[in-house]
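**Q** I'd like to ask some things about the structure below.
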Amino acid sequence: PIFDLMLTRIERGDAQGIIAWNPDRLARNALDGARIIDLLDRGGLKNLKFCTFSFENSPQGKLMLFTLFGFSKYYVDSLSENIKRGNRTKAERGWRPSRPPIGYLHDPIARAIVPDPDRFDLVRQMFRLVLSGTHTPRSIHRMAKMEWGLRTLKRKSQGGALIHLSAVNKVLRNPFYAGVFIWEGRTMVGRHEPM
């Protein structure tokens, strides 16, 4: 959205140039790169300034810029493939690549998913209550919120709130707590401690 707004403002005549750190910060796909070069061709965009690259608004400069946009696209695609391959390998080894659900933590030293000492037993108690047949997810939610004060894990800009009913329902349906997880449509046996 910010990129589109910037180009709209250039097309309106609010600005005639762009300052960016590097061409790969400006466009990382062919369409965005082509839009920049089209604005240069039509004269709405007069100049580009980069800290790490010198650009002249000439046929040679536009060719070099388009080539750099192509390298940026290759870098993003290659990085994506490497991350997918790494996540797939991690899942095949029994470790869920994404953030663990409430009741578990990621231990960066052991590079493993471990029980959360503050929440593991509380989440386990949710399962005991629902399996007893005497409690509904709604009554478990009320208990977890009002009596236990169960909160989500606090992260930099989110979390730390009292657990919601939807989160309780999600917990009770999540196979991760039974020791398995779904990754790319496949059921994987986890190496984490099942609840």
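**Q** Considering each of S98, S132 in turn, give the residue that is of a type in the set (S, T, N, Q), out of contact with any Ser or Thr (no Cβ under 8 Å at 6 or more places or on another chain) and closer than 25 Å to M188 by Cβ.
**A** S98
**Q** When you check H164 against the structure, is it open to solvent by 50 Å² or more (accessible area, probe 1.4 Å) and not charged (D, E, K, R), yes or no?
**A** The answer is yes for H164.
**Q** Just to verify a result, which residue in the range 131-146, among those that are within 32 Å of the chain's Cα centre (by Cα) and aliphatic (A, V, I, L, M), is surrounded by the fewest Cβ atoms within 10 Å (Cβ to Cβ)?
**A** M146
The values are calculated or read from the model by the stated rules, or taken from the named source; none is laboratory data. These numbers were taken from a predicted model, which means no experiment stands behind them. Using ideal geometry, Cβ is built from the backbone for each residue, glycine included, and neighbour counts are taken over all protein chains shown. What goes into the accessible areas is simple: the full protein's heavy atoms, side chains included, and nothing from ligands, DNA or RNA. Shrake-Rupley method; radii C 1.70, N 1.55, O 1.52, S 1.80 Å.
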